[in-house]
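Working notes, beginning with the structure itself.
The values are calculated or read from the model by the stated rules, or taken from the named source; none is laboratory data. Keep in mind that what you see is a predicted model, and the values were worked out from it rather than measured. Cβ: placed from backbone, ideal geometry, glycine included. Neighbour counts: every protein chain shown. All accessible areas refer to the heavy atoms of the entire protein, side chains included, with ligands and DNA or RNA removed. Shrake-Rupley method; radii C 1.70, N 1.55, O 1.52, S 1.80 Å.
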Amino acid sequence: MKQFTFSASLLAAAALSGAGPALAQDQAGDKVSQVITYGDDPCPQSTEGEIVVCVVLDEEERYRIPKTLRGNPQSPENQAWNERVKEFRYVGAFGTESCSPVGAGGFTGCTNRFINQAVAEREARPENRFGRLIEEARAERLSKIDEEAAAVQARRDAIDAELDQRERERAEAAEAEVEAEGELPNPE
C-alpha cells in the first residue's frame with residue numbers, strides 16, 4: 001500500500017473531512033486513523049488504542065485527482081443525463097407543494113425540495129462515509145468487549161461454584177468429625 005504524501009490531494013481531503021469524524025473521536029476517546037487503500041492493497045489492522053478505518057478505491061483512482069476536486073460536479077457537462085431529466089418531472093406541476101410561482105401555495109414545495117437536496121448532498125460527502133465506517137468499527141469493537149465480558153463472567157461463576165462446593169465439603173467433613181467424636185466413649 002502506498003501512503004499518501006503531503007500533497008494537494010491529501011490537504012484537500014483533510015480539509016473536506018469536516019467535523020463529523022473529529023466529534024466521533026472526542027466521544028469515545030479512541031484514536032481513529034482513516035486510510036485510503038487502492039485495489040488489493042491490505043488495510044492495516046486496528047490496535048487496542050486505535051481504530052483503523054479503510055476505504056478501498058479502484059486501482060485506477062490511485063494517481064488521479066480526488067473526485068471532489070475534479071471540477072464543478074454541478075456543471076451541466078459533469079452531470080449524468082438521468083440527473084438532468086429528473087428536473088422535467090416538475091414541468092406542469094403547480095399548486096401546493098409544487099415549488100412553482102404559479103398557483104396558490106406553490107412556494108411550499110420549494111422548502112421541501114431544498115431540504116431534500118441538502119440532505120442528499122450531505123449524505124454524498126466523503127466524510128460521511130468515513131463516519132459510518134468508524135461507527136461500524138466501534139460497534140464491532142464493542143461486540144468483542146461484550147463477548148470477553150461474558151467469558152470473564154462465566155469463568156467467575158465457575159470459580160464461585162467451585163468455592164461453594166469446597167465450602168460445603170469442609171462443612172460436611174466438620175459435621176462428620178463432630179459426630180464421630182460424639183460416638184466415642186469417654187475414657188473417664
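Among the residues of the range 120-131 satisfying the criterion of being surrounded by 12 or more Cβ atoms within 10 Å (Cβ to Cβ) and among the charged types (D, E, K, R), which is farthest from VAL55 (Cα to Cα)?
Among those that are surrounded by 12 or more Cβ atoms within 10 Å (Cβ to Cβ) and among the charged types (D, E, K, R), it is ARG122.
Part of a helix (DSSP H, G or I) and touching a residue at least 12 places away in the same chain (Cβ under 8 Å): is that true of ARG141 in this structure?
yes
Hey, could you check the range 39-57 for residues that are open to solvent by 100 Å² or more (accessible area, probe 1.4 Å) and of a type in the set (D, E, K, R) and say which is modelled with the lowest pLDDT?
Residue satisfying both the conditions and the ranking: GLU48.
Of these, ILE145, ILE134, which one is among the β-branched types (Val, Ile, Thr) and open to solvent by 60 Å² or more (accessible area, probe 1.4 Å)?
Going through ILE145, ILE134 in turn, just one is among the β-branched types (Val, Ile, Thr) and open to solvent by 60 Å² or more (accessible area, probe 1.4 Å): ILE145.
Which residue is surrounded by the most Cβ atoms within 10 Å (Cβ to Cβ), if the candidates are limited to the range 61-70 and must be without any contact (Cβ under 8 Å) to a residue 40 or more places away in the chain and farther than 16 Å from ALA124 by Cα?
If we take residues in the range 61-70 being without any contact (Cβ under 8 Å) to a residue 40 or more places away in the chain and farther than 16 Å from ALA124 by Cα, then GLU61 is surrounded by the most Cβ atoms within 10 Å (Cβ to Cβ).
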